[in-house]
1. Could you list which residues have their amide H under 5 Å from that of Leu108, counting only those 5 or more apart in sequence or on another chain, with H placed in the peptide plane?
2. Would you list, by chain and number, the lysines whose Cα falls below 23 Å from the Cα of Lys135, excluding same-chain residues fewer than 8 positions away?
3. What lysines could a cross-link reach from Lys377, if we take a straight Cα to Cα line under 16 Å and drop same-chain neighbours fewer than 8 places away?
4. For the chain, what's the relative contact order in percent, using C-alpha pairs closer than 8 Å and at least 6 residues apart?
5. Taking the Cβ of Pro440 as the center, what net charge do the other residues with Cβ under 13 Å away carry, scoring Lys and Arg +1 and Asp and Glu -1?
6. Any of Lys49/Lys276; Lys333/Lys524; Lys107/Lys276 with alpha carbons more than 18 Å apart? Name them for me.
7. What is the helix-to-structure angle for 200-216, meaning the angle in degrees between its Cα long axis and the longest Cα principal axis of the chain, kept from 0 to 90 and rounded to the nearest 10?
8. Taking the mean number of other Cβ atoms within 10 Å as a proxy for protection, how do you rank 105-111, 323-329 from highest to lowest?
Amino acid sequence: MTTQETEAEAAYRAGREWFKSAVVYQIYPRSFADSDGDGVGDLRGIIGKLDYLQKLGVDVVWLSPVYRSPQDDNGYDISDYRDIDPVFGDLETLDELLDGLHSRDMKLVMDLVVNHTSDEHPWFAESRSSKDNPKRDWYWWRPPREGAGPGAPAPGMPGAEPNNWGSAFSGPAWEYDAETGEYYLHLFSRKQPDLNWENPEVRAAVYDMMNWWLDRGVDGFRMDVINFISKQQSLPDGPQAEGMLYGDGGPHFICGPRIHEFLQEMHREVFAGRDKDLLTVGEMPGVTVEDAALFTDPGRGEVDMVFQFEHVALDQEGGNKWRPKKLLLTDLKKSLGRWQEGLAERGWNSLYWGNHDQARAVSRFGDDGQYRELSAKMLAAVLHLHRGTPYVYQGEELGMTNMAFGAISDYRDIEVLNHHREATTHLGHTDAEVLAALAPLNRDNARTPVQWDASRHGGFTTGAPWIAVNPNANTINAAAQVDDPDSVFSFYRKVIAFRHADPVVAYGDFSMLLPDDEHVYAFKRSLPEAELLVLANFSGTVRTAGLDDGWFGSGGLDGQGTAELVLGNYPPDAGEAPASGPQQLDLRPWEVKVFRRDLQSP
């Protein structure tokens with residue numbers, strides 16, 4: 001260790017942080033397992049499935065919010081950070097869940113939402129009570145302004161919104177409060193007012209709460225939109241695209257001026273000095289590779305990894321999820337490859353196809369029809385063999401698919417409901433047009449309940465589920481897969497076990513191959529002692545992978561050399577696709593092949 005190198009930097013260079021070989025499983029508790037028949041998943045339901053998670057082999061459970069909440073945004077609107085909402089259970093049951101996970105050598109990461117609270121949080125109740133309340137400055141309050149714009153004064157209103165920003169959930173990002181005659185900022189729902197992190201009392205209260213949870217035994221936090229907490233204090237108007245009702249405030253709050261300062265302070269006040277392996281994950285919409293390299297540089301003391309959104313915006317026109325378009329594999333490779341390269345020397349990647357905010361992986365990136373099982377397995381191998389920490393979203397390991405929703409009344413997500421109302425009321429779209437645009441990428445696709453068996457409601461609940469269960473639960477379910485060695489679930493087990501066992505997966509360098517091929521995704525992982533080659537066909541027809549780097553031909557993948565097929569998604573008795581030539585390998589529809597070879601030391 002050089003004199004200039006910190007202990008954290010030395011640990012990074014050693015390359016053996018525990019989370020590099022770990023796999024995280026996300027639970028959206030409302031839709032995971034219902035123990036009491038009220039139609040909503042709960043903590044007791046999760047406890048009943050811990051052996052299932054242990055069999056899958058995951059290391060960490062990320063639990064979406066279970067704090068006390070009015071449930072305007074399904075728990076991402078928190079009214080009490082130190083209590084559990086009764087719909088999910090209580091603190092004693094949370095402690096029981098913690099004990100159950102820890103006894104199975106798994107960790108629990110809580111979802112932390114501190115960009116905003118619920119408008120029913122006591123902090124906000126005080127803040128809105130009067131302009132001179134001590135907590136007034138805990139949130140972003142501004143007086144009305146004169147003039148036109150999206151906030152042109154409505155009848156009976158004293159003035160327009162303070163700026164032209166739009167909310168992520170449609171409508172303006174400001175709500176007028178008649179009691180004090182001012183507007184408050186909400187980047188999401190009007191019931192989710194933004195905290196003012198410029199106020200040191202806010203930061204101190206948040207850190208105290210985080211320490212309380214760590215002292216209780218949780219193993220870290222996934223931090224929701226954490227790169228939004230620093231905002232330009234002048235809150236200027238944002239650029240307003242043609243045809244849009246509101247301006248884009250993102251340039252003024254995404255990775256704002258004090259974001260690194262705030263995260264470094266959080267690290268010092270909450271995580272530094274604890275003698276326990278913890279995990280900190282920053283969900284960061286709009287983050288760049290260059291930003292992420294700073295956020296995840298261990299020498300800077302901010303977060304262990306970030307969630308970025310670049311690759312899940314590639315199938316959207318202009319980043320608008322309600323204007324879906326065909327995904328080009330070359331664009332996906334370019335994006336994921338850039339992130340692999342950009343964090344190769346410093347920092348760390350989070351790897352995911354889906355989560356509670358994204359459509360189902362096999363429906364979006366694979367083929368959820370004829371090749372559902374093969375493509376689900378292929379997607380698992382491709383993702384988990386990149387450099388980074390992979391995330392499995394509940395049901396992904398079963399190959400669960402998107403839901404075919406009918407009327408708008410079938411939806412539950414506030415984002416969908418608000419967009420439908422705005423699009424049909426103010427933008428001139430018909431109901432049919434909006435429903436068609438909503439179908440591929442809406443968040444409720446991921447929020448239908450986990451399909452445990454072929455019984456009524458997929459075994460999720462004995463009551464009426466809060467959102468409908470996908471009708472294909474009678475064929476796609478855990479009971480049919482956990483003991484089937486050829487199932488999607490069993491393939492996920494193999495991939496996860498492979499990551500745990502082979503250091504090349506966790507620590508090897510990454511090299512993208514065939515970057516211009518529109519059908520074959522190919523890459524190499526390398527350590528001085530061994531290499532992996534991953535070849536995947538993202539199509540429903542036979543495709544040829546051609547590589548001239550010693551893997552093919554004599555002594556290569558003909559089975560006579562040192563290269564060994566270590567993972568594949570076709571059964572061994574299915575035969576092989578014929579090779580097109582000595583330097584080529586043909587891949588069957590949605591096939592993935594993973595080869596490993598030992599390298600001789602110089």
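1. Here Val61, Asp219 satisfy the definition.
2. Lys191, Lys231
3. Of all the lysines, those that pass the test against Lys377 - Cα under 16 Å, at least 8 places apart if same chain - are Lys494, Lys593.
4. Value for the chain: 12 percent.
5. Its environment carries a net charge of +3.
6. Table pairs above 18 Å Cα-Cα are Lys49/Lys276.
7. Here the helix axis deviates by roughly 50 degrees.
8. 105-111, 323-329
The values are calculated or read from the model by the stated rules, or taken from the named source; none is laboratory data. This one's a predicted model, so the numbers in the text were calculated from it and none came from an experiment. As a convention, Cβ positions derive from the backbone with ideal geometry for all residues, glycine included, and neighbour counts pool all protein chains shown. Ligands, DNA and RNA are stripped out before the accessible areas are found, and what is left, the full protein with its side chains, is counted by its heavy atoms. Shrake-Rupley method; radii C 1.70, N 1.55, O 1.52, S 1.80 Å.
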